[in-house]
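Any read-out appearing in this document is the output of simple, stated calculations on the displayed coordinates, not a laboratory observation. Since we're looking at a predicted model, the values are computed, not measured. Glycine also receives a Cβ, built like all others from the backbone with ideal geometry; neighbour counts cover every protein chain displayed.
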Amino acid sequence: MKGKPTNALPRAGRPGLAWAIPGVLFFLFFAIIPMALVGYLSFTEWDGLGAPTWNGGANWSQLWNDSTMRQAIGLSVLLTALTWLLQTPIALLLGVWAAGKQRNRAILSAIFFLPLLASSVALALIWRTLLNPNLGLAADVARWFNLESADVLGNPRGAFLAIVFVAAWQFVPFHTLLYQGGARQIPRSLYDAASIDGAGTVRQFFAITLPQLRNTIITSSILMVVGALTFFDTVLVLTGGGPGHATAIVPYYMYETGFQAFNLGYASAIAATLVVVATAVSLLLVRLTGFTKMRSTREGM
């Protein structure tokens with residue numbers, strides 16, 4: 001009878017439940033409890049100083065009839081759509097390029113990814129200075145091209161497009177990293193076979209690269225849409241929701257209601273609505289795109 005080998009490795013198994021306790025506690029105290037508190041405050045009237053007073057569904061009734069909220073929702077939807085339409089093709093093309101072996105690719109990629117390392121507030125301050133109609137770069141550009149006005153942030157359409165541009169300038173590098181990682185996982189043999197069949201670079205991109213990056217596109221799109229729905233700090237610093245309410249998207253309107261008008265009960269109702277909508281949109285994207293059934297694109301190779 002042979003004995004058990006002394007050098008046998010221990011069987012790998014799932015970690016015990018104790019390993020999940022830190023993560024569960026973190027999620028409980030910083031997500032579940034705050035959301036439950038916001039849900040309770042949405043049924044109260046509270047100025048942030050005294051004790052909250054229960055007012056039933058008054059905040060929700062006001063929310064349903066609030067024209068400013070409807071405008072904020074429209075701006076958030078528009079921001080989300082423009083963000084996806086602008087960032088996705090740029091990040092996709094740059095990610096595929098960065099996955100190659102071009103000369104100086106690593107250096108250029110490192111420089112391009114620098115905006116991702118800075119805070120949104122710092123970048124918004126920089127761009128607000130550059131777009132200053134009197135002393136910034138916008139004033140110089142207006143003089144060069146003999147434009148009548150350089151006040152980009154003072155124009156409703158210009159201010160909104162400035163937010164879209166600054167957001168893209170900061171977050172395209174993040175999504176580029178996703179596409180770069182996905183492109184590097186595509187087997188080289190697919191491109192070699194396509195080259196033998198006479199397929200050019202453009203044909204290979206649409207016939208091989210795009211289908212192989214399907215899962216990455218879904219992941220990037222979900223992150224992009226949810227991020228756009230909760231976008232706030234750049235709007236606060238760059239435009240302050242103005243001019244007027246031209247850039248007052250839902251998160252900014254929530255901040256304005258709670259911390260400028262001191263109507264924290266109504267602001268909580270807006271916050272609860274934002275959480276529900278963002279969650280519903282993300283789940284809808286997961287459902288429609290088949291994200292839950294995602295399998296490796298290399299399966300069977």
| Order of 178-186, 160-168, 34-42 by packing, highest average Cβ count within 10 Å first? | 160-168, 178-186, 34-42
| task | Name the most mobile residue of T257, T279, T88, meaning the one with the largest mean-square fluctuation, in a Gaussian network model of the chain with Cα contacts below 10 Å. | result | T279
| Once the mean 1/r over all distinct Cα pairs of segment 182-223 is inverted, what Kirkwood radius in angstroms do you read off? | 10.9 Å
| remark: At the level of C-alpha centres, the distance separating segment 73-111 and segment 178-218, in angstrom, is 17 Å
| note | Expected max-MSF residue from W127, W54, W19 in the GNM of the chain (alpha carbon, under 10 Å) is W19
| message | Amide H of E45 versus every other amide H placed in the peptide plane: which residues, excluding those fewer than 5 positions away on the same chain, fall under 5 Å? | response | T53, W54, N55
| remark: A student applying the Cα gyration tensor rule (rounded when a/c is under 1.5; otherwise prolate if a/b is larger than b/c, oblate if not) would label segment 1-150 oblate
| field | Vicinal HN-Hα couplings computed from phi for segment 248-263 (Karplus, 6.51 cos²θ - 1.76 cosθ + 1.60; Hz; Gly/Pro x) | value | 7, 6, 4, x, 5, 4, 4, 4, 4, 5, x, 10, 10, 8, 6, 10
| query | Over the Cα atoms of the chain, Rg to Rh with Kirkwood Rh, two decimal places? | reply | 1.08
| remark: the chain, Gaussian network, Cα under 10 Å: of L28, L82, L92, the residue fluctuating most is L28
| Once a ≥ b ≥ c are taken as the square roots of the eigenvalues of the Cα gyration tensor of segment 153-301, is the result rounded (a/c under 1.5), prolate (a/b larger than b/c) or oblate (a/b not larger than b/c)? | prolate
| task | As a check on your grasp of the helix formula, calculate [θ] at 222 nm for the chain: sum -39500 (n - 2.57) over DSSP H runs of n ≥ 4, divide by the residue count, round to the nearest 500. | result | -19000 deg cm²/dmol
